[in-house]
Amino acid sequence: MTRPALTARPRWIWAVWVTAALSTLPLIDGPVYGVLVPVSALAVATIPGALPARSRRSDRGDLLAIAALYIAVIALLRLAFVGFSTDNVVGLFLAFAAALLVGVAGPVVYTVWGRGRSLADIGLRTDNWRPAAGLALLFAAVQFALTLWGYDLPAPVDWVPLLVMALVVGVFESIFFRGFVQTRLEDQFGPVAGVAAAAALYGLYHVGYGMGAGEIVFLFGLGVVYGAAFALARNVLVLWPLLTPLGSFFANLEADDIELPWASIAGFADVLAVMLAVLWLAHRHERRRTKARSGPPQQATAKVP
């Protein structure tokens, strides 16, 4: 069953909050941002009518799937960035690519084949693409104006591969953390606890990249912002291909600690192609299942005079 998007009033409230939270990114120190933003979100959640009424349902299978896939992703990232590191570039890329693919293929296979649900159940939907696209443009415009507008880009070889990487990683993060983990946790524990828990898992997953505590606290706050943005439309289009890739791209430019050759674009393109192939197979399986449930068309019987 497709999770409903927010209705008009809570959508307006949370759209303003997300815009404000994005606007304060350059003004508030990282760890402080990671504390103040969730606290402000909790305050907004207390406004009458700000949260949708949603029934909870316990599903141990969903929790086990989240745990198994999350551990697999973290383990592969640690293998890539801590185990192989830049001393073994081939091993680093293969383990990194495997983590991204597990984070996309795992939820899709579990949702569509394992549980007989729809791709729309993890935010891959087209029925509400217009409001989702409008929100995506609003949030991305705010983030772009505050970060990349007038930014003095380095030579193309120093930023084009980073942009491609940000786009591919954005697919993984949007589907895994928002479409899958957040949706499932909201079903289990309600919207406040679900968004908070998904944001915490999002922040902690960066341990796989070797990040420290201060960065993880900041990313927890940013995860709350992305989680609230996703909940507005229940559509990954709100986050990708604009909002989250732009944020990741700017962060990598500012850090200036990743050097990718032109050849890496081909590698990320291969990863994206596999992701799209999995999504296409899932869509085809879903259509076949829908046709099978509807049964063969009934033949009209001619009336005998």
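What follows draws every value from the coordinates through simple rules; no lab data is involved. Just so you know, these numbers come straight off a predicted model, no measurement behind them. Every residue, glycine as well, gets a Cβ built from its backbone with ideal geometry; the counts of neighbours run over all protein chains shown.
Apply the Karplus curve 6.51 cos²θ - 1.76 cosθ + 1.60, θ = phi - 60°, to the phi angles in the stretch 155-170 and return the couplings in whole Hz, x for Gly and Pro.
4, x, 5, 8, 10, 4, x, 5, 5, 4, 4, 4, 5, 6, 4, x
What dipole magnitude, in Debye to the nearest 20, does the stretch 70-204 give about its Cα centre under +1 on Lys/Arg Cβ and -1 on Asp/Glu Cβ? Provide the component values of the computation, followed by the final result.
Working: 7 positive and 8 negative charges, 78 e Å.
The calculated dipole for the stretch 70-204 is roughly 380 debye.
What whole number of Å gives the distance from the Cα centroid of the stretch 24-93 to the Cα centroid of the stretch 218-278?
That distance is 13 Å.
Using the count of nearby Cβ atoms within 10 Å as a rough guide to exposure, how do D152, D87 rank from fewest to most? Spell out each step's value before the answer.
Values: D152 5, D87 8.
Going from sparsest to densest Cβ surroundings: D152, D87.
Using the number of other C-beta atoms within 10 angstrom as an exposure proxy, rank S174, S40 with the fewest first.
S40, S174
Beyond 16 Å, what share of the Cα-Cα pairs of the stretch 229-300 is found? Please give it as a whole percent. Numbers along the way, then the final one.
Values: 1874 of 2556 pairs.
It works out to 73 percent of all Cα pairs.
How do R284, R11, R178, R60 rank when sorted from fewest to most other Cβ atoms within 10 Å of their own Cβ? Before the final figure, lay out each step's value.
Numbers: R284 11, R11 17, R178 29, R60 8.
Placing the least packed residue first, the sequence is R60, R284, R11, R178.
Could you run the Karplus curve 6.51 cos²θ - 1.76 cosθ + 1.60 with θ = phi - 60° over the stretch 146-153 and give me ³J(HN,Hα) per residue in whole Hz, x for Gly and Pro?
Per-residue couplings from phi come out as 8, 10, 9, 5, x, 5, 7, 5 Hz.
Viscosity 0.692 mPa s, temperature 37 °C: Stokes-Einstein D of the chain from its Kirkwood Cα radius, in µm² per second? Mind dumping the intermediate values first?
Values: Rh = 20.3 Å.
It comes out at roughly 162 µm²/s.
Any chance you could run the full-extension gain for L94 through H285? It's 0.36 nm times the residue separation minus the Cα-Cα distance, nm to one decimal.
On the way: separation 191, 0.36 × 191 = 68.76 nm, distance 2.82 nm.
Length gained, L94 through H285: 65.9 nm.
Using only Cα atoms, tell me the angle between helix 89-108 and the longest principal axis of the chain; keep it within 0 to 90° and round to the nearest 10.
30 degrees
Relative contact order of the chain: what whole-number percent is it, with Cα pairs under 8 angstrom and at least 6 residues apart? Mind showing how you got there, number by number?
On the way: 364 pairs, mean separation 91.0, N = 305.
Result for the chain is 30 percent.
Given the rule -39500 (n - 2.57) for each run of at least 4 DSSP H residues, summed and divided by the residues of the chain, what is its mean residue ellipticity at 222 nm, to the nearest 500 deg cm²/dmol?
-21500 deg cm²/dmol
To the nearest 20 debye, what is the magnitude of the charge dipole of the chain about its Cα centre, counting +1 on the Cβ of each Lys and Arg and -1 on the Cβ of each Asp and Glu? If you can, show how the numbers build up before the last one.
Details: 22 positive and 18 negative charges, 456 e Å.
Dipole about the Cα centre, nearest 20: 2200 debye.
With r defined as the distance between the Cβ atoms of W262 and L64 and R0 fixed at 30 Å, what FRET efficiency is calculated, to the nearest 0.05? It would help to have the intermediate numbers written out before the result.
Numbers: r = 41 Å, r/R0 = 1.38.
For W262 and L64, the calculated efficiency is 0.15.
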